[in-house]
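> Please read through the structure below; I'll follow up with questions.
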Amino acid sequence: MKLMPSIASADPLAVGEVLKKLEAWPYLHIDIEDGNFVPNITFGMKAVRAICKKAGKRYIQVHLMVTHPEMYLDGLAACGVDSVIAHLEALDYPLHFLNHCRALGLEPGLAVNIKTPVEAVKPFLGNMDQLLLMTSEPDYLEEKVYGPAVERLIRLAGNIPAGVELYADGGVTRETLRELEEAGVHGAVLGRLVFQSPDPLEMLKELKEE
């Protein structure tokens, strides 16, 4: 199972130091939030370029929680990221986004919020490499993992087409991680679970070994 540490959950005043500490980990997840599609703001493209430069050759997955995802694609491709996931809810023409990603050499993916039926992404599964299901949302309760969202992800894991990787994102705990791995989910985005630890790299290694 791929464990993707979300750098947006690190101390924003120590991102460079955190990247250095995590240099032995092969994956990195970058959340780009615009303060419009979601309430929070994380990184602009200037910061993303700096992160990618510091990240070196590790695999970089970008999750666009923005109102106009396609506007970011050329810049992200220039940064050398590997995959880009955008929210179905933000796309008027999902196929255009997915094909644009592919044309730029990026692995394309879609994400869906908890309120969006999984059936809504099924017409596009043949055109994507990654599907990300949110397991929390801005809920006024510290964005904790939401049980029914985990349950639907586990149900989907047995019916995902070959060639599409399934990811969980949002409030994932140790217990949730074990459930997801047992169900065959391909990866999970980890924020507080990793970055509230005194040693994020050791935490990732420990979770991987469990």
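> Under a Cβ-Cβ cut-off of 14 Å, what is the net charge of the residues other than Leu180 that fall near it, where Lys and Arg count +1 and Asp and Glu count -1? Walk me through the numbers on the way to the answer.
Values: positive: Lys2, Arg152, Arg155, Arg174, Arg178, Lys208; negative: Glu151, Glu165, Asp169, Glu175, Glu179, Glu181, Glu182, Glu210.
Summing Lys/Arg as +1 and Asp/Glu as -1 gives -2.
> Can you match semi-axes √(5λ) of the Cα gyration tensor in Å to one of these, [x] 28, 21, 16; [y] 26, 18, 16; [z] 23, 22, 16, based on a calculation from the structure here?
Correct label, based on the coordinates given: [z].
> Once you measure Cβ to Cβ distances between cysteines in the chain, which Cys have no partner under 4.7 Å?
Cys101
> Going from most exposed to least, what order do Asp92, Asp199, Asp74, Asp82 have by accessible area with a 1.4 Å probe? List each step's numbers first, then the result.
Numbers: Asp92 135, Asp199 70, Asp74 95, Asp82 50 Å².
Of Asp92, Asp199, Asp74, Asp82, the descending order of accessible area is Asp92, Asp74, Asp199, Asp82.
> Just in region 31-106: which trypsin sites (Lys or Arg not before Pro) are loop by DSSP and have at most 15 other Cβ atoms within 10 Å? List each step's numbers first, then the result.
Values: sites: Lys46, Arg49, Lys53, Lys54, Lys57, Arg58, Arg102; in loops: Lys57, Arg58.
Of the trypsin sites (Lys or Arg not before Pro), the ones in loops of region 31-106 whose Cβ has at most 15 other Cβ atoms within 10 Å are Lys57, Arg58.
> Hey, what number do you get for the chain at 222 nm if only DSSP H runs of n ≥ 4 count, each worth -39500 (n - 2.57), divided across all residues, to the nearest 500? Don't skip to the end; give the middle numbers.
Working: 8 runs with 70 residues, N = 210.
For the chain, the value works out to -9500 deg cm²/dmol.
> Taking the Cβ of Asp82 as the center, what net charge do the other residues with Cβ under 14 Å away carry, scoring Lys and Arg +1 and Asp and Glu -1? Present the calculation step by step, with values, prior to reporting the outcome.
Numbers: positive: Lys2, Lys57, Arg58, Arg102; negative: Glu107, Asp129, Glu165.
Once all neighbours under 14 Å are counted, the net charge is +1.
> Tell me, in nm to one decimal, what length is gained between Leu201 and His68 on full extension, where the rule is 0.36 nm per residue of separation less the Cα-Cα distance?
Working: separation 133, 0.36 × 133 = 47.88 nm, distance 3.32 nm.
Length gained, Leu201 through His68: 44.6 nm.
> Sticking with this one: In what sequence, largest accessible area first, do His68, His87 appear using a 1.4 Å probe? Mind showing how you got there, number by number?
Working: His68 110, His87 0 Å².
Order by accessible area, largest first: His68, His87.
> So, one more: Taking the Cα-to-Cβ direction at Met45 and at Asp11 and moving 7 Å from each Cα, how far apart do the two end points lie in nm?
Here the answer is 3.1 nm between the modelled labels.
> Ignoring ligands, DNA and RNA, please state the percent of accessible area on region 1-139 from carbon and sulfur, probe 1.4 Å.
Values: 3410 of 6340 Å².
Using a 1.4 Å probe with all protein chains present, region 1-139 comes out at 54 percent carbon and sulfur.
> Counting only heavy atoms of the protein chains, get the accessible area per residue of region 119-171 (1.4 Å probe) and round it to a whole Å² value.
Working: 2710 Å² over 53 residues.
Per residue, region 119-171 has 51 Å² of solvent-accessible surface.
> Please give the contour-minus-distance gain from Arg102 to Glu209: 0.36 nm per residue of separation, less the Cα-Cα distance, rounded to one decimal in nm. Don't skip to the end; give the middle numbers.
Details: separation 107, 0.36 × 107 = 38.52 nm, distance 3.35 nm.
Contour length minus Cα-Cα distance gives 35.2 nm.
> Can you give the net charge of the other residues whose Cβ lies under 15 Å from the Cβ of Ala120, counting K and R as +1 and D and E as -1? Intermediate results must be reported in sequence, preceding the final value.
Numbers: positive: Lys115, Lys122, Arg152; negative: Glu89, Asp92, Glu119.
Here the count lands on 0.
The values are calculated or read from the model by the stated rules, or taken from the named source; none is laboratory data. This structure is a prediction, so every number in the text was calculated from the model and none was measured. Glycine also receives a Cβ, built like all others from the backbone with ideal geometry; neighbour counts cover every protein chain displayed. Calculation scope for accessible area: heavy atoms of the full protein, side chains included, ligands and nucleic acids excluded. Shrake-Rupley method; radii C 1.70, N 1.55, O 1.52, S 1.80 Å.
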